[in-house]
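Please read the structure below before turning to the comments.
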Amino acid sequence: MGKRIPQDKKFVADIEIIDIAEEGRGVAKRDELVMFIEKAIPGDIVDVELLRKKKNLVEGKVTAVKSPSPHRVEPFCPHFGVCGGCKWQHMNYDAQLLFKAKYVDNVLSRIGKVDTSSMEPILGSEETAYYRNKLEYTFSNKRWLTNKDEETADRDMNALGFHVPGRFDKILDIDHCFLQADPSNDIRNSIREFATNHGISFYDLRAHEGALRNVIIRTASTGEVMVIVVFAYPTLEQIDQLMEFVNSKFPNLASLLYIVNQKRNDTIFDQEIEVFSGRDFIYEEMEGLKFKVGPKSFYQTNSAQAYELYKITRDFAGLTGNEVVYDLYTGAGTIANFVARHAKQVVGIEYVPSAIEDAKINSEINDVKNTKFYAGDMKDVLTVSFVEEHGKPDVIITDPPRAGMHGDVIKCLLEVEAPKIVYVSCNAATQARDLELLSEKYKVDRIKPVDMFPHTQHVENVVLLSRK
Ligand SMILES: C[S@@+](CC[C@H](N)C(=O)[O-])C[C@H]1O[C@@H](n2cnc3c(N)ncnc32)[C@H](O)[C@@H]1O
């Protein structure tokens, strides 16, 4: 929470923003005090309202931009500022890339003690709008009221959109989202309109009642579209009415599914999926390989940039066709199958059993015969005896979640001593921590950040390590 700021010290003028913090806020310094300021970017001179004090830093928000940073641009989305989705839309894309690369450089050298002098330029995303292949919208009967709404008498309190940051129960109604290509916006708006016109209730996130809960839309580079409507407490007639409407309005959907989720949380991993029409999966495609994507499957959300990321990973691995490759945290086996044609044998390991089933199917449908997949917690599966049984790896590709690798996994990597490790990470800070631990036996040869998520502070980073 932090301490409140006394009224007479709440407003400060002419603050120069000198840097950007990991989670995207502008950083300033005055009289030894470090400020983290929402919606400020390096180069701005701003007036600030200080909100709270935490240890030796204060948090605040911009009240006026006195002199805009040269990096500032007009956000293109009307929902910018309230929606938490694209926090950096007020900064031009070149500057976003600059700050993402600077962040990677900073954490790798500071936390990882890595010499970053030969870090390669960050790879930007060709598409900076409509780049996501999956979005999840939430229904709510407690719409977040914007300043404009406050002025209008007509207040429909139903909303279908995204959570307002910091408010689990308030949903911002989305009119147009620039993150996912058509027909995503049309589907969402049509469902909202139909439900409103037919009196199908929107979920109450506090009381846990109401018919409609979420809509998940998945689009693929093949042009196939999956829609999953998640109900909470509907009547059978309402399910039929709404699903029939979606089916007739969007007859080309490859997969139209629904779920009745009456749990307290929104996750669908433990839920029964009902097929209303079409198949229960869609196909993605990459370099002639097909990937089956089900409602519960993980697939990188920026398909085009995932292809670039995988090519960099394969290039760093330097495969000749003779290598035994381990793909750690393989998900649905996408990287494993992508590199399989360039390796002798690929062994994929992943926590989620259904993802491992998908990985095996993905090998099968692509006629890839040199992959093997194992499900389980990495720290338990990847052991020296597992390696003795499945063959010593020439290259280890590892793509862990944000938390990075478990200490036992690092210990095992140090014992296994593969000649090369390609470390793909969505969190350079934990990657840096792991690199420091691996430095006992490995040196960093190549570093390349990749931007998968334009207008956000997130950045992916690929590092090639070789045995010292
Ligand atoms: C960043 S994703 C990588 C997915 C995959 N490489 C891809 O590109 O599609 C991380 C994966 O690690 C898995 N995971 C998380 N914790 C794990 C653990 N302790 N052991 C094994 N796998 C884990 C997650 O289920 C997820 O599929």
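Readers should treat all values here as calculations from the given coordinates under stated rules, not as data from a laboratory. No experiment lies behind these values; they were computed from the predicted model shown. Using ideal geometry, Cβ is built from the backbone for each residue, glycine included, and neighbour counts are taken over all protein chains shown.
Return the FRET efficiency for the residue pair residue 92, residue 264: r is the Cβ-Cβ distance, R0 is 56 Å, and the value is rounded to the nearest 0.05. Calculated value: 0.85.
Phi-derived couplings, Karplus 6.51 cos²θ - 1.76 cosθ + 1.60 at θ = phi - 60°, listed residue by residue for segment 48-64: 10, 9, 7, 9, 7, 10, 10, 6, 9, 9, 10, 10, x, 9, 6, 9, 8 Hz, with x used for Gly and Pro.
Each label was represented as a point 7 Å from its Cα along the Cα-to-Cβ direction; for residue 11 and residue 388 these points are 7.3 nm apart. By the rule of a C-alpha distance below 29 Å, with chain neighbours fewer than 8 residues away ignored, the lysines paired with residue 54 are 3, 9, 10, 29, 39, 66, 87, 100, 102, 113, 170.
For segment 241-303, what is the Kirkwood estimate of the hydrodynamic radius, computed as the reciprocal of the mean inverse distance between distinct Cα atoms, to one decimal in Å? This gives a value of 13.5 Å. The calculated FRET efficiency for residue 169 paired with residue 290, based on their beta-carbon distance and R0 = 35 Å, is about 0.30. Projecting label points 7 angstrom from Cα along Cα→Cβ for residue 19 and residue 221 puts them 3.7 nm apart. Relative contact order of the chain: 13 percent, from C-alpha pairs under 8 Å at least 6 residues apart in sequence.
Across the chain, the fraction of Cα-Cα pairs farther apart than 29 Å, rounded to a whole number, is 56%. By the Kirkwood approach, averaging reciprocal distances over each pair of separate Cα atoms, segment 134-286 gets a hydrodynamic radius of 15.9 Å. Once backbone amide H atoms are built at 1.01 Å from N, residue 30 has 35 as its partners under 5 Å, excluding neighbours fewer than 5 places away on the same chain.
Measuring how big segment 3-67 is from its alpha-carbon positions, Rg and Dmax come out at 10.5, 30 Å.
Looking at segment 134-286 alone, DSSP beta bridges between its own residues are antiparallel in about 75 percent of cases. Between residue 4 and residue 372, the C-beta separation translates, for a Förster distance of 35 Å, into a calculated FRET efficiency of about 0.05. Residue ranges 56-67, 420-431, 312-323 sort as 420-431, 312-323, 56-67 when ordered by packing (mean number of other C-beta atoms within 10 Å per residue, highest first).
Relative to the current alpha-carbon distance between residue 207 and residue 194, full extension at 0.36 nm per residue lengthens the span by 2.3 nm.
Available extension along the chain between residue 415 and residue 73 is 118.1 nm, counting 0.36 nm per residue and deducting the alpha carbon span. For the chain, the 222 nm mean residue ellipticity estimated from helices alone, with every DSSP H stretch of n ≥ 4 adding -39500 (n - 2.57) and the total spread over all residues, rounds to -7500 deg cm²/dmol.
Between residue 304 and residue 182, the simple label model (points 7 Å from Cα in the Cβ direction) yields a spacing of 1.6 nm. As a rough guide to protection, the peptides 266-279, 14-27, 186-199 ranked by mean Cβ packing within 10 Å, highest first, stand as 14-27, 186-199, 266-279. Extension gain, residue 248 to residue 115, is 42.0 nm, computed as 0.36 nm per intervening residue step minus the present C-alpha separation. Here segment 279-365 is treated as a sphere whose radius is the Kirkwood value from Cα pairs; by Stokes-Einstein at 37 °C and 0.692 mPa s it diffuses with a coefficient of 250 µm²/s.
Counting only DSSP beta bridges whose two residues both lie in the chain, roughly 65 percent are antiparallel.
Under 5 Å from the amide H of residue 374 lie the amide H atoms of 348, 349, 350, each residue being 5 or more positions distant or on a separate chain, with H modelled from the backbone and absent for Pro and chain starts.
Less than 5 angstrom separates the built amide H of residue 450 from those of 123, 460, 461, 462, all sequence-distant by 5 or more or on a different chain.
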